[in-house]
Every structure is written in structure tokens, then in C-alpha cells.
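What follows is a set of notes on a single structure, which appears directly below.
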């Protein structure tokens, strides 16, 4: 059994990781942490730096669960990366994502990564808010 979590170095991303750890422990599942970058920018604030990854590894090691961390850079957005992983990995039980508040106009103009994940993931999605 596997749980996928979409991680970004924000309070919402940390909350998603924390909840995914709880779910993985409860279901004795492996955790796949995906921190995606568009790959078309020199600097992406959603791409975790090595120090942030070390912190995540310590937290995951302390949790006692089996895990893998991936940072794909293929030019795909985070929603596509999470949906792709959910389709291609075996025994994916759920995807966990963090939500932030956005106005209706903001969602309309910029789209919503969370909305795309909810619509395209082939398994249940657990969305957590701060």
C-alpha cells in the first residue's frame, strides 16, 4: 500500500506531509513524497532546497515509516506529476495535498493546482487546510 503526498516548502505543504505521515502510520503504508518543479525556471520557490529535504528526511526517519522522496524536473506542473505518480505506482491508496485560501477570481485567472489534482487523480485525495 502506498500514499503519495504533494510537498511544497510552505505551511500548507508541511501540513500535508504531517497528515500523510499519520495516514501512512495508520495504514502501514509506504509514503511517496513528490516535490515537483516546472523545470522551466531557474529558481522555483516550490522546489525544496537540500536543507529542507534533510529536515523532511529526519521527520520521516523519526516516524518509522518506509518512504521515498522524488523531485521530478520534467516541465510538468505539480498536478500532472502527482496524477502521473498515482496512475503509475502500484497500490496507491490516496494522494494527500495541502490547500491554501484563494479567492474565486484568483482561481479563475491562475487556475488551481489543487483543483486539477482533485479532478485528475485516479484515487481518493485527502486535502488538508491550515
- request: Using the structure shown, decide if residue 60 is closer than 19 Å to residue 124 by Cα, at pLDDT 90 or above and surrounded by 17 or more Cβ atoms within 10 Å (Cβ to Cβ).
  value: no
task: Among residues belonging to the stretch 10-37 that are part of a loop (DSSP other than H, G, I, E, B) and surrounded by 18 or more Cβ atoms within 10 Å (Cβ to Cβ), point out the one that is modelled with the lowest pLDDT.
output: 36
task: Please work out if residue 40 is surrounded by fewer than 21 Cβ atoms within 10 Å (Cβ to Cβ) and modelled with pLDDT of 95 or more.
output: no
query: Among helices (runs of 4 or more DSSP H) lying entirely in the stretch 68-122, which contain 1 or more residues that are within 15 Å of the chain's Cα centre (by Cα), at pLDDT 85 or above and buried (at least 16 other Cβ atoms within 10 Å of the Cβ)?
result: 78-88, 113-120
- prompt: Do we have residue 65 as surrounded by 16 or more Cβ atoms within 10 Å (Cβ to Cβ), modelled with pLDDT of 95 or more and in a helix (DSSP H, G or I) here?
  reply: no
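The values are calculated or read from the model by the stated rules, or taken from the named source; none is laboratory data. Computed from a predicted structure; not experimentally measured. Because the Cβ atoms are built from the backbone with ideal geometry, glycine has one as well, and the counts that use them run over all protein chains shown.
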